[in-house]
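The values are calculated or read from the model by the stated rules, or taken from the named source; none is laboratory data. This one's a predicted model, so the numbers in the text were calculated from it and none came from an experiment. Note: ideal-geometry Cβ built from the backbone for every residue, glycine included; neighbour counts use all protein chains shown. Ligands, DNA and RNA are stripped out before the accessible areas are found, and what is left, the full protein with its side chains, is counted by its heavy atoms. Shrake-Rupley method; radii C 1.70, N 1.55, O 1.52, S 1.80 Å.
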Amino acid sequence: MIDLYISNLPNNNNNNNMNNIESYPPVLRHLDQQQPPPNPDPDYKDPTQEDPDTIPIIDLSCLDHDTNKLEEACKDWGLFRLVNHGVPLTLLNELQEMAKELFSLSFEVKEGACSGCPVTYFWGTPALTPSGRTLTTRSPQNINWVEGFDVALSQLPHFSVPQLPTLESIRLLLKDYENHLSRIATTLFEAMANNLDLNLKPSKPYLAENTGMVRVYRYPNCSDANVGWGMEAHTDSSVLSILNQDDEVSGLQVLKDDQWLTVKPISNTLIVNLGDMMQAISDDRYKSVTHRVSINKHKERISICYFVFPGEDVVIESSKYKPFTYNEFRAQVQQDIKALGYKVGLARFQHNEDS
Ligand SMILES: O=C(O)CCC(=O)C(=O)O
Ligand SMILES: [Fe+2]
């Protein structure tokens, strides 16, 4: 068998090359990445661009008129494409560009830069251990083919990273981004709560803006189908997740009526996912959508995902689930992933669950 997983390779590429092998975490290094990209054509078009796009589209600027559309998207899909969201296109693009620059730094620089600051660098699996430390015990076949940075947005004003100017630039962009994304999340959540006739008390922040976090991902390209997934099939634990995905490279797939559909990259649109907390808050009327990320053969993919959660100790009450807090949910997810290797999720809190 060919040993596909290599480390300590000489650096044949310059630092501007996105395929710079030294920028990858050793567990994600693959012989492929030493080769010139197989498709250097600047006019390369992602094949999924030809597919029809069936994902529901919600216009944030006329949400009041579109309540039925929003309701259907939340019930039938648990995911929609958001247009007229009010985030400047320049900001979306700048974040993508900065993220590319950040990931192209060497693995050691990225790993070292985050020690002692509230940004976490991870690779392989964001769910199990944000630091990626336990990955050596997992075989290459069951790691997620991804690296990323975790940023707790409430911490943005309290740190700076002058030793890594690219991270510092992203930090500044994220301050601006946070304002837009929390505005969008609040507007959407209020419209959903309205549709669901939830009589929310202000003392119960089911969507707590100060819990917002951003994950910036890079999914390396790889032509070897055996490496698995960029991210395995999962549901998000959040109330809402809002994704700014790469304009050119597809990867996100959503499960709809037992079929996997690709969520096409379309410039200036955001993808909104409903997470487990939204499903519980809605008493299962809305759906926490199952999704996954495939690995592109030719090009690596960047995505920037914003997540927002309930206040940690807010009790979520519904007829379908035992009362629980987000803190309890998160602890249970971590425990299941460690013990079983996967997330059980909301089923753990169903009334008929024995534990
Ligand atoms: O990168 C993506 O397209 C999706 C990421 C995702 O599903 C997640 O972070 O939970
Ligand atoms: Fe997700």
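Things worth noting here:
- All of (1) more than 13 Å from ligand 1 (Cβ to nearest atom); (2) in contact with a Gly (Cβ under 8 Å, 6 or more places away or on another chain); (3) closer than 21 Å to Met231 by Cβ hold for Ser303 with one exception: (1).
- Residue list for the stretch 124-179, filter: polar (S, T, N, Q) and either more than 24 Å from Thr235 (Cβ to Cβ) or modelled with pLDDT of 90 or more (or both): Thr136, Thr137, Ser139, Ser154, Gln155, Ser160, Gln163, Thr166, Ser169, Asn179
- Test for Glu312: is it over 18 Å from the mean Cα position of the chain (by Cα), more than 11 Å from ligand 1 (Cβ to nearest atom) and not aliphatic (A, V, I, L, M): yes
- Within the stretch 271-294, restricting attention to residues that are among the charged types (D, E, K, R) and closer than 18 Å to Asn194 by Cα, the residue that is nearest to ligand 2 (Cβ to nearest atom) is Lys287.
Okay, residues lined up against (1) more than 18 Å from the chain's Cα centre (by Cα); (2) under 24 Å from Ile271 (Cα atoms):
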site	(1), (2)
Ala152	no, yes
Gln163	yes, no
Ser182	no, yes
Thr186	yes, yes
Met192	yes, yes
Pro202	yes, no
Tyr219	no, yes
Cys222	yes, no
Gly230	no, yes
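- Answer from Thr211, Thr235 - the residue that is within 15 Å of ligand 2 (Cβ to nearest atom), in contact (Cβ under 8 Å) with a residue 60 or more places away in the chain and either surrounded by fewer than 23 Cβ atoms within 10 Å (Cβ to Cβ) or of a type outside the set (A, V, I, L, M) (or both): Thr235
- So Asp284, is it more than 12 Å from ligand 1 (Cβ to nearest atom) and not aromatic (Phe, Trp, Tyr): yes
- Residue in the stretch 197-216 that is touching a Gly at 6+ places or on another chain (Cβ under 9 Å) and small (Gly, Ala, Ser) present: yes
- Filter result for Ser241 (of a type in the set (Gly, Ala, Ser), over 13 Å from the mean Cα position of the chain (by Cα) and within 10 Å of ligand 1 (Cβ to nearest atom)): no
- For the stretch 284-333, a residue qualifies if it is in contact with a Lys or Arg (Cβ under 6 Å, 6 or more places away or on another chain) and of a type in the set (S, T, N, Q), and exactly one does: Gln332.
- Strands (runs of 3 or more DSSP E) wholly inside the stretch 243-355 that include at least 2 residues being in contact (Cβ under 8 Å) with a residue 60 or more places away in the chain, farther than 29 Å from Ser23 by Cα and open to solvent by less than 30 Å² (accessible area, probe 1.4 Å): 270-274, 301-309
- Here Leu252 does not qualify as farther than 30 Å from Arg29 by Cβ and of a type in the set (A, V, I, L, M, F, W, C).
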